[in-house]
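Written out below as structure tokens is the structure these notes cover.
Every number in this text was worked out from the coordinates using simple rules, so none of it is lab data. Note that the structure is predicted; figures quoted are calculated from it, not measured. Positions of Cβ are backbone-derived with ideal geometry, glycine not excepted, and every protein chain shown enters the neighbour counts.
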Amino acid sequence: MAGASLLRLLSIFFLFFLLTSGEESLESESQALLNLKSSLTNTTKSLSTWIDKSSPCDKKLPWRGVICKKDSVHALRLGNLGLNGTVNHTALSSLHGLRIVSFRHNALTGEIPDLSKLNGLKAIYINDNRFKGPIPDDFFKNLRHLKKLFISKNGFSGELPSSIGNLSSLMDLQISNNQFSGLIPNFKLPNLRYFNATNNLLDGKIPDSFKSFGKSSFIGNVGLCGAPLDSCKTVVAPPEKQSARPTVVAVILFLVTFVLVAGTMLIHKVRKKKKGFQDENLGNSSNAGNARGQQKGSWNPDSYKKGQTAKAGPMSELILMNQDKCAFGLADLMKASAEVLANGSLGSAYKAVMTNGMSVVVKRLRDMNQLPEDVFNLEMKKLGNLRHPNILSPIACHYRNEEKLVVLHYVDNGSLLHLLHGKKGGHHAALDYRTRLKIIRDISSGLEHLHRTFPDSEIPPHGNLKSSNILLGQNFNPLIVDYGYIPFISQTKASTFFFAYKSPEYVQYHHVSPKSDVYCLGVIILEVLTGKFPSQYVNNGKGGTDLVQWVTDSVGKNKEREILDPEIVSGRGPEEVKIMEKLLRLAVELVDPNPDNRPSITEVVAILEDIANDKIITAAAATANDGQVSPVRRDQDENHDLGIS
């Protein structure tokens, strides 16, 4: 009896210890974050939710940019907040559970913050600030779990730290636009997939372990040589002293030859320029035509080449992403006949048919000026390398200061938006409920691939997912386009034009994450199932139906069948209608105002697979009596969403 009482007392004491230690831990993290805030300036608005005597992990009023897991701070996402000052690294070091730290696109100063005690870090984003000075050689010694290191566009100097060689898990290393000097060490980084060292002061031969990254990763370092750049020059011993007379004769002969050759080339260039000017202006006299493609002649009605001023420099080449499937150049696009397809917020789209019969879509995009040319090309190659049956990857791009070109394969059937809300033709009639279910599943599968390809992204990997950015191929196969553009444009433009920035978390807290893509997917599912045009797509708030509010209210009143598109309900049996109603309830979960309550994209794909196989296993099947969704599979997937798995 006495033993049982003692055991009960020990259990109570242990439980009390756990609770109090947890509260003390959260309190210490709260104080650490407040200390961090006090070291920064311009925080009055950007960090207004960081208040004393409140919890950074409060689900009702979370601190902006603070991501928690199990009441512990796991990620700091403080990019694009206009922050100034010097980072209090002592405060940061107190956040022992931190896995992601981001201060990108601010104006922070001083030396690189000491993060060496945070040995669980998996991603560091401090690019585009004003940090300067050398990085200690042993800085990365204990950060063996680091996967992403973004320190570009700062003032770091000196040699690259040798401790980078310890980062065996590193996948992405971005050190461009600094003042690093000396040799590139022959780091052995088996998992490195992306590397950019452009615009530094590096010199010497490029080590063998970095040869596979191509020229675009090294340009702007005049002292670098070796593959993939030009071969390193062999130093030749100076010849013995010779008579001055033969040397003078040789110099004169060289000068005469040079003048003759230069004159010939100049004449040829002038003639070619005249001919090129005539070619440029062919087909430029026609009017712009209507939005559905009446214009013929050049795909570029405003003379793309003519707009290239002397200040902008010579036109760069067209960068091909997949030369095995297609091979063409900028000249081929200039000669292509075309028609205008659409004019959007970021630019215009044209269907171009080249002389070899190949049809492509050329997108002329404005406002994509956030990245310099080398980084732009590198990031576009990442997007172009994606391979998935439900993703339409870009096949080529071209950089120009005023605007950028992105080239994709042409898809005949247009967008999901046009099919749902355009003229009710034969294609629309084929959109029965099984076809719509397949479209929903395939879009989700493509989106999951995007999220898995960029697992450590702190921003939505797509960022602008909506029905107009879903094209339909053969057999209504959906193809996701215009993904991954957030890094290319300013925060102001992104918040104005991109659909992820219409999510509740951005409207309330000016924060987006991969879960914002899940919200966008939820709106698409509601749109597909109801056949209604979402008012969420309209910038001025006029027009369309507020699908999120309407469907949420109807599901709460068990009126799912009443809001389904009559065209997919008519003639269907009760089991088929039941499947559609389950899809509606799933979509309501995806548009939950709290992103923490939304399932991950991996969970969404699994639930849709169950529904498609007529297994009535959905999020609602794991529902407790109070109607809240049980966190089935969610804990293991939150790590994936945050890039901290």
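Data table
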quantity	calculated
Cα-based Rg of the range 20-225 normalised by 2.2 N^0.38 Å, two decimals	1.08
Cα-based Rg of the range 467-518 normalised by 2.2 N^0.38 Å, two decimals	1.32
Overall form of the range 99-203 per C-alpha gyration tensor (a/c, 1.5; a/b vs b/c)	rounded
Three-way shape label, the range 484-575, alpha-carbon gyration tensor, a/c 1.5	prolate
Projected label distance in nm at Asp230 and Trp550, using a 7 Å step from Cα toward the beta-carbon	6.5
Loop-located trypsin sites (Lys or Arg not before Pro) in the range 47-90, at most 12 other Cβ atoms within 10 Å (DSSP)	Lys53, Lys59, Lys60, Lys70
Mean separation of Cα contacts under 8 Å, 6 or more apart, over the residue count of the range 481-572: relative contact order %	17
Length-normalised contact order of the range 20-225 in % [C-alpha pairs under 8 Å, at least 6 apart]	12
Total formal charge among the other residues, if their Cβ is under 10 angstrom from that of Ser162, Lys/Arg +1 and Asp/Glu -1	-2
Vicinal HN-Hα couplings computed from phi for the range 572-584 (Karplus, 6.51 cos²θ - 1.76 cosθ + 1.60; Hz; Gly/Pro x)	9, x, x, 5, 5, 5, 4, 5, 5, 5, 5, 4, 4
HN-Hα J in Hz across the range 408-414 - Karplus 6.51, -1.76, 1.60, θ = phi - 60°, x for Gly and Pro	10, 5, 7, 10, 5, 7, x
Normalised contact order of the range 128-237, rounded percent, pairs of Cα under 8 Å and 6 or more residues apart	20
Per DSSP, loop trypsin sites (Lys or Arg not before Pro) in the range 470-556 with at most 14 further Cβ within 10 Å	Lys542
For the range 536-578: rounded, prolate or oblate by the Cα gyration tensor [a/c cutoff 1.5]	oblate
Positive minus negative residues near Val555 (Lys, Arg vs Asp, Glu; Cβ under 15 Å)	0
Amide proton proximity set for Cys68, modelled H, under 5 Å, gap of 5+	His74
Cα-based Rg and Dmax for the range 362-496, where Dmax is the largest Cα-Cα distance (Å)	15.7, 47
Normalised alpha carbon radius of gyration of the range 339-432 [divisor 2.2 N^0.38 Å]	1.25
Two-site label geometry, His96 and Arg572: point separation in nm, points 7 Å out along Cα→Cβ	5.3
